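The values are calculated or read from the model by the stated rules, or taken from the named source; none is laboratory data. No experiment lies behind these values; they were computed from the predicted model shown. Heads up, the Cβs are rebuilt from the backbone with ideal geometry, glycines too, and the neighbour counts pull from every protein chain shown. Quick note on the areas: whole protein, heavy atoms, side chains included, nothing else; ligands and nucleic acids left out. Shrake-Rupley method; radii C 1.70, N 1.55, O 1.52, S 1.80 Å.
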Amino acid sequence: MTDSRDHHPLDPLRAEEIADVRKILEAAEVLAPATRFSYVGLSEPAKADVARHERDGAAVPRAARVLLLDVETGAAEDVLVSLTERAVVTRSPIDPATGQVPVLVEEHELVREIMAGDESWAAALRRRGIDDPAAVYLAALSAGRFESVQDGGRRLVRVLAHWRPHESTMVWAHPVDGLVAFVDLIERRVVEIVDTGATPIPTESGDYDDPAVSGPPRTTLRPIEITQPEGPSFTLDGNLLRWEGWRVRLGYDMREGLVLHRIDIRDGDRVRPVVYRASVAEMVVPYADPGPVRFWQNYFDTGEYQLGRLANSLELGCDCLGEITYVDAVVADGAGDPVTITNAICVHEEDAGVLWKHTDPANGSRQTRRQRRLVVSFFVTVGNYDYGFYWYLYLDGTIELECKATGIVFTAHYSEKVAPYASEVAPGVAAPYHQHLFNVRLDMAVDGDRNAVDEVEVAPVPMGPDNPYGNAFGRSVRRLSTESAAVRTAAPERGRVWHIVNPERRNRFGDATGYVLTPQGLPVLQAAPGSAIHGRAAFATKHLWVTRFADAERYPAGDLVNQSPPGQGLPAYTAADRDIDGQDIVVWHTFGLTHFPRPEDWPVMPVDTCGFTLKPSGFFDRNPTLDVPAPKTDHCHSHHA
């Protein structure tokens, strides 16, 4: 048996545990010769069990969830494995009508093998002047689900091509357009090729690391060195991270990537909970080109490709700067063996500008304090795009998530037909309009499990007897009491924010303690109602959803997103319209970028950012950073009255 006393119940699976999962499944004769592992992750224990462990050290059983696929038959199943008892607890066959397990890494290579042997594909390439099929790079892309394309429960991907004259070529500069293939991964054959006619292949190089493209390196940038001679202010004990009153447990999942558990903050002699669990639970990238070759381009990078599996190994001086602590992550490969991603998570602290400042004209006091933040981040590569996820904890109790998008825009041939839906970023190269829409799942625990959400916005006051000069304005506060009432969009023109409060806890003014979620309020999903992606990515049509906590409700687009039917995830979770006033609640927030690519985004895109903040609002009784010392420099002096 596995001794769970050596673990915190929320620790991610260790390498030896993932190896044990495979051994247990083998012993139970669950695995066939063609069985592959699509997902292996911690089956998180109940909150009550975690609380007992933290209170009195009670052991909590360890379990893993496993998604398996037989690549010969297409049969898939969802398996729960007890690591403590070394036994299979449940086995549930997966009906393909409900969706497919996530794409396997090895299926990308399988697609290339299938395409290499297909004569119809080779003929289509020859019509475009490409005699050698090996001279194209093939992108195996999630197929989606469309009523107009009968998939019959088949495991499908769609394939687009880019010309690759040399191994070192940045292929995205050379789209082979007017051509897409549909591939059945189980039957291992091309089931359809759509060829709308050959188009010229752009020839201008996109090799941004070639001096002929980039030009000579700048010589005017002088070094910036960040040092902490006394070391960092944080400590990392196992997965427990502590910094300036903050306490958070680091988790990692091969689907979601970085997970923050049990985010607490010290207030005097009390440690107060804020968030039980936080993760980027889904992201979707819908494209705007309605043509027959690309209408289906909508990628759920978390649910279909599993972001956590695609994390980069970070490098000092490149991805992270300063006094860095790295944390490895462990995921499973297709054989069910553990794979360690070294330096997957970066932890460091950094200066964040002025925290507060005042020069008082009455008493002559001059005071300045510097803000600092703890940064916990990871970066992933999903095909042509790269995404960084940066969680920030601030001295004043603020929590922020910043998502960074970079990499290379997906490309097509530029023509008058595609012009309404794409930008020309190089001669003959189109970058279709698209969105990057993220959804963060926040299992809130502000001062405890019983929380509620108030929608707060500015309230103009018309001129009249109570406002004779017209200068008055107030604010409106509306409790979102049910799940249906809490399906909301942002309204930046009204300053709309959402206060997550604990109606059972009061500050010294008698108000409920709380945190305020401030959205950026950028556009939500732009696909038309009735479209396939609107039905499958319904979470992205609203900025806010609030649900009553349920163990099984983890993902905003549903559990099995690959080739999923419409209506999964948040629409299904909220159908019961449960009471969320003073309950254990989960806040789901959608945010993101609507990208009209610029010439400056080519051939590699400078980082663009989006995110949100959670700030204390009535959580503390006053500014919690009065005890931050003045900067210790020869040039900065605070003067007291």
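Annotations for the structure displayed:
- Computed 3J(HN,Hα) for the range 549-563, one whole-Hz value per residue from the Karplus formula 6.51 cos²θ - 1.76 cosθ + 1.60 where θ = phi - 60°, is 4, 8, 4, 7, 9, 10, 10, x, 9, x, 6, 10, 8, 4, 6, glycine and proline marked x.
- Local electrostatic count at Glu457 - Lys and Arg +1, Asp and Glu -1, tallied over other residues with Cβ under 12 Å: +2
- Signed unit charges on C-beta, dipole axis of the range 478-558, positive-most listed residue Thr482, Tyr555, Ile500: Ile500
- Considering only Leu67, Trp121, Val88, and ranking their Cα positions along the charge dipole of the range 53-123 that arises from unit charges at the beta-carbon of Lys, Arg, Asp and Glu, the one farthest toward the positive end is Val88.
- Across the options Ala161, Gly611, Val183, the greatest Cα extent toward the positive end of the charge dipole of the chain (unit charges at beta carbon of Lys, Arg, Asp, Glu) belongs to Gly611.
- Sequence-ordered 3J(HN,Hα) estimates for the range 187-196 from the Karplus curve with 6.51, -1.76 and 1.60 and θ = phi - 60° stand at 6, 6, 8, 7, 9, 6, 10, 9, 10, 8 Hz, glycine and proline given as x.
- Along each principal axis, taking the top coordinate minus the bottom one, the Cα set of the range 414-528 gives 64, 45, 24 Å in descending order.
- Relative contact order computed over the chain (Cα-Cα under 8 Å; 6+ residues apart), in percent: 13
- The portion of the accessible surface of the range 95-216 made up by carbon and sulfur, rounded to a whole percent, is 50 (1.4 Å probe; DNA, RNA and ligands excluded).
- Set against the 2.2 N^0.38 Å expectation for a compact globular protein, the range 541-594 has a Cα radius of gyration ratio of 1.18.
- As a ratio to 2.2 N^0.38 Å, the alpha-carbon radius of gyration for the range 316-378 is 1.92.
- Relative to the longest principal axis of the Cα atoms of the chain, helix 15-27 runs at roughly 50 degrees.
- Counting Lys and Arg as +1 and Asp and Glu as -1 over every other residue whose Cβ lies under 11 Å from the Cβ of Glu504, the net charge comes to +1.
- Probe 1.4 Å, protein heavy atoms only - accessible area per residue of the range 274-338 in square angstrom: 28
- The share of accessible area on the range 372-510 that comes from carbon and sulfur is 50 percent, using a 1.4 angstrom probe.
- Solvent-accessible heavy-atom area per residue, rounded to whole Å², over the range 107-161 at 1.4 Å: 44
- Packing, as the average of other Cβ atoms within 10 Å across residues, places the peptides 585-595, 390-400 in the order 585-595, 390-400, highest first.
- Orientation-averaged projection of the range 74-139 equals 6.9 nm² [convex hull of Cα atoms, one quarter of hull surface area].
- Phi-derived couplings, Karplus 6.51 cos²θ - 1.76 cosθ + 1.60 at θ = phi - 60°, listed residue by residue for the range 404-410: 10, 10, 8, x, 10, 5, 6 Hz, with x used for Gly and Pro.
- If only the Cβ of Lys and Arg carry +1 and only the Cβ of Asp and Glu carry -1, the dipole of the range 78-234 around its Cα centre is close to 140 debye.
- Equivalent ellipsoid semi-axes - Cα gyration tensor, the range 19-98, angstrom: 28, 14, 8
- For Glu192, residues with placed amide H under 5 Å, excluding near neighbours: Phe182
- Amide H to amide H, with H built 1.01 Å from N, Ala75 comes under 5 Å of Asp70, counting only residues 5 or more places away or on other chains.
- Relative contact order (%) - criterion: Cα under 8 Å, at least six apart; region: the range 1-137: 22
- For the range 364-433, accessible area per residue (1.4 Å probe, heavy atoms of protein chains only), Å²: 30
- Rounded to the nearest whole angstrom, the semi-axes of the ellipsoid equivalent to the range 504-581, taken from the Cα gyration tensor as √(5λ), stand at 30, 17, 10, largest first.
- Charged side chains reduced to their Cβ positions (Lys and Arg at +1, Asp and Glu at -1) give the chain a dipole of some 1760 debye around its Cα centre.
- Rg/Rh ratio calculated on Cα atoms of the range 203-277 (Kirkwood radius): 1.28
- Computed over the range 499-641, the P(r) curve from all C-alpha pair distances, binned at 10 Å from the origin, holds 9, 24, 27, 20, 13, 5, 1 percent per bin.
- In this structure, the amide hydrogen of Glu483, modeled 1.01 Å from its nitrogen in the peptide plane, lies closer than 5 angstrom to those of Arg578, Ile580, counting only residues at least 5 positions away or on a different chain.
- Charge sum, other residues only, whose C-beta stays under 9 Å from Val354's C-beta, Lys/Arg counted +1 and Asp/Glu -1: +3
- Pairwise label distance in nanometres, Ala87 with His166, each label 7 Å out on the Cα-Cβ vector: 6.2
- Value of Rg to Rh for the chain, rounded to two decimals, is 0.98; Kirkwood radius and Rg both from alpha-carbon coordinates.
- The share of accessible area on the range 528-599 that comes from carbon and sulfur is 56 percent, using a 1.4 angstrom probe.
- Cross-link table Lys404/Lys615; Lys47/Lys615; Lys23/Lys47; Lys542/Lys615; Lys23/Lys404, entries beyond 32 Å C-alpha to C-alpha: Lys23/Lys404
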